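The values are calculated or read from the model by the stated rules, or taken from the named source; none is laboratory data. Please read these numbers as outputs of a predicted model, since none were measured by experiment. Cβ: placed from backbone, ideal geometry, glycine included. Neighbour counts: every protein chain shown. The area values use the complete protein model at the heavy-atom level, side chains included, leaving out ligands, DNA and RNA. Shrake-Rupley method; radii C 1.70, N 1.55, O 1.52, S 1.80 Å.
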Amino acid sequence: MEQIESSNKPGPTAAHETTIPKSEHTTKTTVSSHIDDDATIPKGQIDPVFEAKARVLNRAIQDIGMGWYQWQLFIVVGFGWASDNLWPIVTSLIFTPVANEFHPSRPPLLSLSQNIGLLAGAIFWGFGCDIFGRKLAFTLTLGVTAIFGMAAAGAPNFAGIGCFAALWSFGVGGNLPVDSAIFLEFLPASHQYLLTILSIDWALAQLIATLIAWPLLGNLTCEQEDAVCKKGDNMGWRYFVITMGGLTLLMFLVRFLCFTIFESPKYLMGKGNDEEAVRVVHEVARRNGKTSSLTVVDLKACEPAGYVHKTNVVADAVKRRLEDVKFDRVKTLFSTRRLALSTGMIMAVWAFIGLGYPLYNAFIPYIQAIKGAEFGDGSTYLTYRNSLIIAAIGVPGALLGGYLVELPRLGRKGTLSLSTILTGVFLYCSTTALNSAALLGWQCAFNFCSNIMYAVLYSFTPELFPTPERGTGNALTATCNRIFGIMAPIIAMFADLRTSAPVYTSGALFIFSGLLVLALPFESRGKAAL
C-alpha cells in the first residue's frame, strides 16, 4: 500500500482563495485564483515556488473532479472521524459503572485522563507525521486506539482504567489532524462541502456506541452507586470496551489491507519529486475514469532559472515544524486587524466549546441516572436506552449541517452561530424538565444542534487561516480546545453534578461562543483552500 501524506494541515485561506463558479458542473473546471482584498496577509511567508506548484496541482485535482478514488477516501477517512467521537463516548458511557465498581474519591479523574491523552496525541501525531510520514500516523492511530481499548477491559482498579483511557486517547488524538489533511489534499474545490458531511461518521459512531452499550451496560452492570459492586456483577463495561476495541481494530484492518491510498502530490512535490507527484495525479485520474493533462513540465515551469531543491527530507520536515512554532508565524496570524480578530475569535470559540461540551456531554449518563432516580425511573437500562435515542437524533444533524453551510444567506458563519447558540439554549431548557420524558426531549434537541455545530466547526476552521500559517493556526485552535477540555473534569470534581451548575456553565459557554462566531470577519462559502 502506498504512503499517504499531505504537505500541510487542513486550513482556510482567508488570504489565498479560489472561487468556484456555482454553475460549473463540467469535468474540466477552471479555477480562478485571487487574493482576498480585505485580508492583507504579508507575503514571503511561504516558498513562492511551492505556492506556484501547489496552484498547478490544485487545478489538476479540480480538473479530475470527484470520482471513485475520492469516494473511497471519504470512507476510510470517515473512520478517523468516527474514532474521534466513539472513544470519548465510551468514556462517558462507562463512567457510572466504573465509579460504582471502584468507588474512586474523584470519579471525573477518568475524563481528565482521557483529555490528557487527547492533548498528547494531537501534539505527537500532528507534528510527528511530518517526520515519520502520514501513512504511519494514518494507520497507527487506529491501531494504538484498538489495542489499548481492548486491554482496558482487564483494568484491575480505577488507576488502571484511567491509564488505559489516556493511552487509547493518545491514539484518538491524532485522527482529525492527519485525516482531515489527507482528505483535503485530494478533494476537488467544488466538493469541499463534503468535509462537513464527513461528520456523519462522527454522529454514527455515537449511535453505534450507545446501541451496543444499551444491552451490555443496561443489563450487566451494578444499579446503585452506593451498593457493594463486585467485578462479576459489573462485567458489562468490560465487554463494552472489548467490543469497541474490536470495532476500531476492524477499521484499522480495512484501512491497512483493503485500500491503496496514494502519497499526497503536494507532499511529493515539496520533497522535489515532481515526477512522482504527476504520476499520482494521473493514477487518481485513471481510477476516476478520467485523464489529466498535467505534466512535469507544468511544475518545472514554476521554478526560476538555477533553482535547486533541497533533498534532505527529514531535516526539512523538522525545520518546517520548528518554523511553525516560531513566534513570527504566530505573529503573522495577528498581523492585520481583521486577521487578528479572526484568529483570536476562532481560538476562543474552540476553547469555550472545548470546555462546555465535555463539561456536560461526558456526564450525560450520570446526570440521567441521578435525575431519573429523582423522577422514580433511573434504572441503568433506561439510562442507556435514553442515551441511544439521544445519539440517533444527532445523525440527521450532521447531514443538515452540510446543506445549511451552502445556503447564501446563512453560510458557514450563520449555521455555526445559530447551532451553537441553540445548543446552549436547549441545555438551559433541560433544567426545567419535571420528568424523564421532558429531560430526554431537551437532551435530544441539544445533541441535534451540537452535531450541526461540530460538523460546521470542523470544516469551517480550516478555511480561516492563510495557507503559509495554516499549520500554526490549526495547532493554536487544537491546543485551546484540548487544554480547556482538560479543565472540564477538573471543574466537575469541585462542582456538584447532582445540581444544575455544570449545565448552566456549559450552556453559557455555548451561547457566548455562538455570539463570537457572528463577529468573525471572514465567510468562506463558495471559496476553496489553495
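Among the residues of region 384-410, those that are more than 20 Å from the chain's Cα centre (by Cα) and assigned to a helix (DSSP H, G or I) comprise 384, 385, 386, 387, 388, 389, 390.
Within region 187-205, being more than 15 Å from the chain's Cα centre (by Cα) and at pLDDT 80 or above holds for 187, 188, 191. Just one residue in the set 446, 465 is open to solvent by less than 50 Å² (accessible area, probe 1.4 Å) and assigned to a loop (DSSP other than H, G, I, E, B); that residue is 465. Consider region 269-278 and keep the residues that are in a helix (DSSP H, G or I) and at pLDDT 80 or above. The one that is most open to solvent (accessible area, probe 1.4 Å) is 275. Hey, any hits in region 451-461 for a residue that's part of a helix (DSSP H, G or I), at pLDDT 80 or above and surrounded by fewer than 20 Cβ atoms within 10 Å (Cβ to Cβ)? No, that holds for no residue. Summed over region 388-433, residues that are more than 30 Å from residue 193 (Cβ to Cβ) and either among the charged types (D, E, K, R) or touching a residue at least 12 places away in the same chain (Cβ under 8 Å) (or both) total 5.
Is one or more of the residues making up region 146-162 within 27 Å of residue 71 (Cβ to Cβ) and either open to solvent by less than 20 Å² (accessible area, probe 1.4 Å) or not acidic (Asp, Glu) (or both)? Yes, because at least one residue in region 146-162 is within 27 Å of residue 71 (Cβ to Cβ) and either open to solvent by less than 20 Å² (accessible area, probe 1.4 Å) or not acidic (Asp, Glu) (or both). Residues that are touching a helix residue (DSSP H, G or I) at 6+ places or on another chain (Cβ under 9 Å) and open to solvent by 10 Å² or more (accessible area, probe 1.4 Å) within region 68-88 comprise 68, 72, 74, 75, 79, 82, 84, 88, listed in sequence order.
Testing residue 263 on (1) at pLDDT below 85; (2) in a helix (DSSP H, G or I); (3) surrounded by 19 or more Cβ atoms within 10 Å (Cβ to Cβ), one condition comes back false. Which one is that? Failed condition: (2). Per this entry, residue 114 is counted among residues that are outside any loop (DSSP other than H, G, I, E, B), within 22 Å of residue 173 (Cβ to Cβ) and either at pLDDT 90 or above or open to solvent by less than 10 Å² (accessible area, probe 1.4 Å) (or both). Residues that are at pLDDT 85 or above, open to solvent by 30 Å² or more (accessible area, probe 1.4 Å) and closer than 29 Å to residue 123 by Cα: does region 409-423 have at least one? Yes, the conditions are met somewhere in region 409-423.
Just one of the listed residues (284, 228) is more than 26 Å from the chain's Cα centre (by Cα) and either crowded, with 22+ Cβ neighbours inside 10 Å or modelled with pLDDT under 90 (or both), namely 228.
I'm checking my understanding of the structure. Among residues of region 163-179 that are at pLDDT below 80 and open to solvent by 10 Å² or more (accessible area, probe 1.4 Å), which one is farthest from residue 56 (Cα to Cα)? That would be 176. Taking the criterion of being open to solvent by 30 Å² or more (accessible area, probe 1.4 Å) and assigned to a helix (DSSP H, G or I), the residues of region 90-111 that qualify are 102, 109. Just give me the residues in region 180-211 being open to solvent by less than 10 Å² (accessible area, probe 1.4 Å) and touching a Ser or Thr at 6+ places or on another chain (Cβ under 6 Å), in sequence order. 181, 182, 195, 196, 210 - these are the residues of region 180-211 that are open to solvent by less than 10 Å² (accessible area, probe 1.4 Å) and touching a Ser or Thr at 6+ places or on another chain (Cβ under 6 Å). For region 215-225, a residue qualifies if it is modelled with pLDDT of 85 or more and among the hydrophobic types (A, V, I, L, M, F, W, C), and the qualifying residues are 216, 217, 220. Does residue 360 count as touching a Pro at 6+ places or on another chain (Cβ under 7 Å), within 29 Å of residue 88 (Cα to Cα) and at pLDDT below 80? Judged against the criteria, residue 360 is a match.
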